[in-house]
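Here is the structure we will look at, set down as structure tokens.
The values are calculated or read from the model by the stated rules, or taken from the named source; none is laboratory data. Predicted model, so just to flag it, every value in this text is computed and none were measured. No Cβ is skipped: glycine too gets one built from the backbone with ideal geometry, and neighbour counts run over all protein chains shown. SASA here: full protein model, heavy atoms, side chains in, ligands and nucleic acids out. Shrake-Rupley method; radii C 1.70, N 1.55, O 1.52, S 1.80 Å.
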Amino acid sequence: MAHNLTIENGKASMMYVGEAPWHGLGTKLDRPATSAEAIEAAGLDWTVVKRPLYVVGDGRLHAVADKEAVVREDLLGQPNCPVFGVVGPHYTPLQNRSAFAFFDSIVGGGAAVYHTAGSLGHGERVWILAKLPGHIRVVGDDITEKFLLLANSHDGS
């Protein structure tokens, strides 16, 4: 099974606390992270922007009406700049910092531990997973830990 983590400059865009994931990739943090620390450790400290799309025809560029490309702002103009998705003019990107800050308000201050965070593909999908305090006893000794996942895509899906 492939991990599908974003690999940038030879480094996986992922952070974790505790035991190493099955694939052994990512940045290990020795203590629980804030969402801002998770973003930095996972290599998610970037923003996305929408840019016009063009096609080549008759030796010149023609704008594609009502379509825009979603790209990483810091990679614009570089040959390795992937297009995360093609969206309409009303699509509004949700930045990683904003999504993770929203997650902070849900899990509460200090109660949850940010367990993993990272990106998949070329970065078009990001996530942060929080381990919540306590557990759920299903039946007898069947105990389940509690987690909360926030996932976001930058591809318009």
**Residue list for the range 18-31, restricted to those being in a loop (DSSP other than H, G, I, E, B) and either under 18 Å from Phe102 (Cα atoms) or of a type in the set (A, V, I, L, M) (or both)** = Ala20, Leu25
**Message:** Within the range 30-51, take every residue that is more than 11 Å from the chain's Cα centre (by Cα) and acidic (Asp, Glu) and give me the one that is nearest to Pro93 (Cα to Cα).
**Reply:** Glu40
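I need the full set of residues from the range 36-71 which are among the small types (Gly, Ala, Ser), farther than 20 Å from Lys11 by Cα and either out of contact with any Pro (no Cβ under 9 Å at 6 or more places or on another chain) or open to solvent by 20 Å² or more (accessible area, probe 1.4 Å) (or both), in order please. First the steps, then the outcome.
From the range 36-71, those among the small types (Gly, Ala, Ser) are 36, 38, 41-43, 57, 59, 63, 65, 69; that's our starting set.
Next, only the ones that are farther than 20 Å from Lys11 by Cα stay: 57, 59, 63, 65, 69.
If the condition is that a residue be among the small types (Gly, Ala, Ser), farther than 20 Å from Lys11 by Cα and either out of contact with any Pro (no Cβ under 9 Å at 6 or more places or on another chain) or open to solvent by 20 Å² or more (accessible area, probe 1.4 Å) (or both), then Gly57, Gly59, Ala63, Ala65 are the ones that fit.
Could you tell me whether Gly85 is among the small types (Gly, Ala, Ser), under 25 Å from Arg31 (Cα atoms) and either without any contact (Cβ under 8 Å) to a residue 60 or more places away in the chain or surrounded by 18 or more Cβ atoms within 10 Å (Cβ to Cβ) (or both)?
Values: among the small types (Gly, Ala, Ser): yes; under 25 Å from Arg31 (Cα atoms): no; either without any contact (Cβ under 8 Å) to a residue 60 or more places away in the chain or surrounded by 18 or more Cβ atoms within 10 Å (Cβ to Cβ) (or both): yes.
So Gly85 fails the test.
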**Message:** Name the single residue that is farthest from the chain's Cα centre (by Cα) among those in the range 91-140 being closer than 23 Å to Trp46 by Cβ, open to solvent by 30 Å² or more (accessible area, probe 1.4 Å) and without any contact (Cβ under 8 Å) to a residue 40 or more places away in the chain.
**Reply:** Ser105
**Message:** Against the conditions (1) open to solvent by less than 40 Å² (accessible area, probe 1.4 Å); (2) at pLDDT 90 or above, where does Gly18 fall short? Just the number, please.
**Reply:** (2)
**Request:** From (1) in contact with an Asp or Glu (Cβ under 6 Å, 6 or more places away or on another chain); (2) of a type outside the set (A, V, I, L, M); (3) part of a loop (DSSP other than H, G, I, E, B), pick out the condition that doesn't hold for His135.
**Result:** (3)
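Suppose the filter is without any contact (Cβ under 8 Å) to a residue 60 or more places away in the chain, farther than 19 Å from Arg125 by Cα and surrounded by 15 or more Cβ atoms within 10 Å (Cβ to Cβ); does Leu75 pass it? Spell out how you get there, then give the answer.
On the way: without any contact (Cβ under 8 Å) to a residue 60 or more places away in the chain: yes; farther than 19 Å from Arg125 by Cα: no; surrounded by 15 or more Cβ atoms within 10 Å (Cβ to Cβ): yes.
It is false that Leu75 is without any contact (Cβ under 8 Å) to a residue 60 or more places away in the chain, farther than 19 Å from Arg125 by Cα and surrounded by 15 or more Cβ atoms within 10 Å (Cβ to Cβ).
Among the residues of the range 32-69 satisfying the criterion of being assigned to a loop (DSSP other than H, G, I, E, B) and among the β-branched types (Val, Ile, Thr), which is nearest to Gly156 (Cα to Cα)? Even if it seems obvious, please write down each step before you answer.
Within the range 32-69, the first condition is being assigned to a loop (DSSP other than H, G, I, E, B), and the residues that meet it are 32, 34, 42-47, 58-59.
Cutting the leftovers down to among the β-branched types (Val, Ile, Thr) gives us 34, 47.
Numbers: Thr34: 27, Thr47: 15 Å.
So, considering only residues that are assigned to a loop (DSSP other than H, G, I, E, B) and among the β-branched types (Val, Ile, Thr), the one nearest to Gly156 (Cα to Cα) is Thr47.
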